[in-house]
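The values are calculated or read from the model by the stated rules, or taken from the named source; none is laboratory data. This structure is a prediction, so every number in the text was calculated from the model and none was measured. So basically every Cβ, Gly included, is an ideal-geometry build from the backbone, and we count neighbours across all protein chains shown.
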Amino acid sequence: MSVTTSEQPATQSPTTPLIVVSADTHIGPRLEQELRPYCPAPLLDEFDEFAGALARKREASNNQLGFGGMTRGADWKVSRRNLETEGHFNIEARLRDLDDDGVAGQVIFHDSQNGQPLPFDRSSVFNRDDIDFDRLKVGQHIYNQWLADQVRVQPERHVGLAYVPMWDIDAAVKELRWASSVGLRGVNFPYPRPWMKSYNFPDWEPFFSACEELGMSLCHHGGGAPTATGGPGMMSIVKLEVSNMSRISPLSHLVFGGVFERHPNLRLVLTESVGPWWPAVMKELDSVYIHDVAEYPDMKDRVKKLPSEYAARQVFVGASFLARFEVEDAMANGYLGNIIWGSDYPHFEGTFQHGIVSPEGDTATRSAMRFTFAGLPEHEVAQCLGENAVRAYGLDGAALRKVAARIDAPTYAKLSVPLSTLPDEHDRGHHAYRTYGFWA
């Protein structure tokens, strides 16, 4: 993978706009308005049938159908507000929102909580085990075509992620190569599912080789692992199980499968995996390695370094709604160079809050950044906000610096001013102001 460095100049002024790249944003093109034109003509009737079934389900739920964590009550008030931005599906509106927040670059996952699934993705609409793999592959390509057209607008600002058929490795490689040729810069890298080969199998070698060759970062988003699907306390169980699995897998697969050893320029980003988990997980991975190398000496031929060494070189945390205590832990334990700030735009639990401006004139995202970074060293702030992202995704730092100047991105001087008061609970998003721990 070709990595572009972008160290801030030694003479950087505290009033120079900083590069800000969000490792976590989401997009939700509407089935009928945005995606239908990309559907192959022979499948239009099936497409319309799928869209109609979704519309009927939405109507039955009083138009409160969403994906990725929508809730009712106090949370519902916030989530409905973020549905008002057209940035869910319109690239120009999206860029206006990013400009207002001072965000120069974005990594784009699907699923913006507006209730719009990938075409033919029956598992996200009807039953999570109801999957037509042939049609879903078509639906992924429909989405990838649309996304490729969007990221042609100010292309230096986007890391569009391709969704590829991971149940068919040859087809995944083919779609990956096509996606790279049309401007997508990374690939959605899901948690291994029962219908997939685990990532430690040699069968994946053509896929990882292609990712390294093309400079396509592996972008894993928390929330995709199998877990509880109902019953009392479901969401609490999901938080614990999914977040823990996202910290370990697919990281452990790539380490112990020898993938990082064979592909030293491959990059893995673990996104929305909250909390200061890095030191404990690295210690556990190293402990397993030290034990198993003694018991299975041939492992040393496949995995020549400690897992923590591979991680320091090739793994990043897409730190959605990054909290101050998480930055302080990364500084104290030496992994700040692996942390990338994320807004989670336009999810209701993230820093973006549509229409909210503080008495000081800041958007909710700019206020959240001040809460997290005020008083911390300038170099560390610049690393978290954008410099690490430039390395992780192979971005053009010089081009992003020009964008930052044009959109009046936050400066170190502005971020150094602490908030005089915290925003109202319903004006600030759910997780950017955590102080207690992983979730509170």
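The residue that is surrounded by the fewest Cβ atoms within 10 Å (Cβ to Cβ), counting only those in the stretch 179-193 that are in contact (Cβ under 8 Å) with a residue 24 or more places away in the chain and over 16 Å from the mean Cα position of the chain (by Cα), is 193. Each residue in the stretch 141-178 was checked for being out of contact with any strand residue (DSSP E or B) (no Cβ under 8 Å at 6 or more places or on another chain), in contact (Cβ under 8 Å) with a residue 12 or more places away in the chain and not hydrophobic (A, V, I, L, M, F, W, C), and 9 pass. Restricting attention to the stretch 81-102, does a residue exist that is part of a loop (DSSP other than H, G, I, E, B), at pLDDT 95 or above and either buried (at least 22 other Cβ atoms within 10 Å of the Cβ) or aliphatic (A, V, I, L, M) (or both)? Yes: one or more hits. If I filter the stretch 124-142 for residues that are modelled with pLDDT of 95 or more, among the small types (Gly, Ala, Ser), crowded, with 19+ Cβ neighbours inside 10 Å and under 30 Å from residue 59 (Cβ atoms), do I get at least one hit? Looking through the stretch 124-142, at least one residue is modelled with pLDDT of 95 or more, among the small types (Gly, Ala, Ser), crowded, with 19+ Cβ neighbours inside 10 Å and under 30 Å from residue 59 (Cβ atoms).
Residues in the stretch 327-373 that are under 28 Å from residue 86 (Cα atoms), touching a Phe, Trp or Tyr at 6+ places or on another chain (Cβ under 9 Å) and of a type in the set (Gly, Ala, Ser): 342, 343, 350, 364, 368. Taking the stretch 195-295 and the helices (runs of 4 or more DSSP H) fully enclosed by it, the elements with 3 or more residues that are surrounded by fewer than 19 Cβ atoms within 10 Å (Cβ to Cβ) and free of Cβ contacts under 8 Å to residues at least 60 places away in the same chain are at 205-214, 234-248, 278-295.
For the residues 349, 387, 360, 309, the requirement of being free of Cβ contacts under 8 Å to residues at least 12 places away in the same chain and not small (Gly, Ala, Ser) singles out 309.
Scanning the stretch 395-440 for residues that are small (Gly, Ala, Ser) and outside any loop (DSSP other than H, G, I, E, B), we see that the one that is farthest from the chain's Cα centre (by Cα) is 413. Restricting the stretch 9-46 to residues that are touching a Pro at 6+ places or on another chain (Cβ under 8 Å) and part of a helix (DSSP H, G or I) leaves a set whose member that is nearest to residue 394 (Cα to Cα) is 35.
Quick check: anything in the stretch 348-365 modelled with pLDDT of 95 or more, over 25 Å from residue 277 (Cα atoms) and in a helix (DSSP H, G or I)? Yes, because at least one residue in the stretch 348-365 is modelled with pLDDT of 95 or more, over 25 Å from residue 277 (Cα atoms) and in a helix (DSSP H, G or I).
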